[in-house]
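The structure appears right after this line, and notes come after that.
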Amino acid sequence: MTTVTVESIGVEAQPLVVLDDFAPDPDGLRRFAQAAEFAPAFNHFPGVRAALPTDYLAMQLPVIAAAAAEAFGRTGPITVVDASFSIVSTPTGELTIPQRLPHIDAFTEDRIALIHYLSPAGGDGTAFFRHRSTGFETVDDARRDLFFRHLDIELRHRGVPPPEYVLGDTPLFECIRTEPARYNRALLYRSWNLHSGAISPDNMLSADPGMGRLTVTGFLSIG
């Protein structure tokens with residue numbers, strides 16, 4: 001049975017939902033992933049993605065809906081914007097500049113991000129950040145122009161980050177929370193939170209679903 005814990009992130013106190021024992025058959029999801037065809041991801045994700053079983057989100061939507069109502073006050077219909085198996089596998093030397101920074105997935109209140117950890121050893125979790133110069137922990141439509149203006153100036157005058165995954169505090173961002181991965185744990189949070197995978201330097205960055213950081217990543221719109 002899924003255990004639901006609602007916590008908060010940073011001084012803005014944005015909701016973070018931790019769902020342990022999220023899927024009824026995580027081992028079956030791993031077997032499905034190991035037979036799936038992975039391909040390079042789009043939209044700045046640093047790795048590979050593959051299609052999910054067709055019934056994956058249908059089975060989990062009632063749990064997601066109840067958690068979203070409790071944590072975010074969103075009780076309307078759920079639209080799946082995108083969802084897939086995802087594995088972080090890009091070598092550090094090949095990371096683009098956006099992949100070296102915390103990011104936002106969407107700028108509106110209805111958009112909720114899902115990550116479901118499927119590595120039995122747990123592995124690397126998810127980190128959340130505050131932008132030092134603006135103090136922003138979230139970036140919505142009202143903040144986006146100011147945030148990106150500041151970030152552009154900082155990158156031009158202070159230089160781009162080194163070719164590595166962001167982990168912990170950096171000159172431009174303060175890490176305000178790191179939520180550890182755990183097998184069959186899922187997280188829900190608003191897509192406007194500044195966040196990143198907390199990818200450790202000793203991660204093998206394997207694209208093999210049996211060895212790499214296998215997750216499900218999803219983006220939902222909840223009315």
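The values are calculated or read from the model by the stated rules, or taken from the named source; none is laboratory data. Fair warning: this is a prediction, and the values are worked out from it, not measured in the lab. As a convention, Cβ positions derive from the backbone with ideal geometry for all residues, glycine included, and neighbour counts pool all protein chains shown.
Brief remarks on what is shown
- Pairs where the first residue, in region 91-108, is at negative phi and basic (Lys, Arg) and the second is at pLDDT 95 or above and buried (at least 18 other Cβ atoms within 10 Å of the Cβ), C-beta under 6 Å, 6+ apart: ARG100/PRO161
- Any hit, region 48-56, residues being of a type in the set (A, V, I, L, M, F, W, C), in a strand (DSSP E or B) and either in contact with an Asp or Glu (Cβ under 9 Å, 6 or more places away or on another chain) or more than 20 Å from GLY197 (Cα to Cα) (or both): yes
- Residue in region 188-211 that is under 21 Å from GLY73 (Cβ atoms), in contact with a Gly (Cβ under 9 Å, 6 or more places away or on another chain) and not acidic (Asp, Glu) present: yes
- The number of residues in region 63-79 being assigned to a strand (DSSP E or B) and exposed (fewer than 14 other Cβ atoms within 10 Å of the Cβ) comes to 1.
- Odd one out for ALA127, checked against (1) under 25 Å from THR215 (Cβ atoms); (2) touching a residue at least 12 places away in the same chain (Cβ under 8 Å); (3) surrounded by fewer than 21 Cβ atoms within 10 Å (Cβ to Cβ): (3)
- Residues of region 85-114 that are part of a strand (DSSP E or B) and buried (at least 21 other Cβ atoms within 10 Å of the Cβ): PHE85, SER86, ILE87, VAL88, ILE112, ALA113, LEU114.
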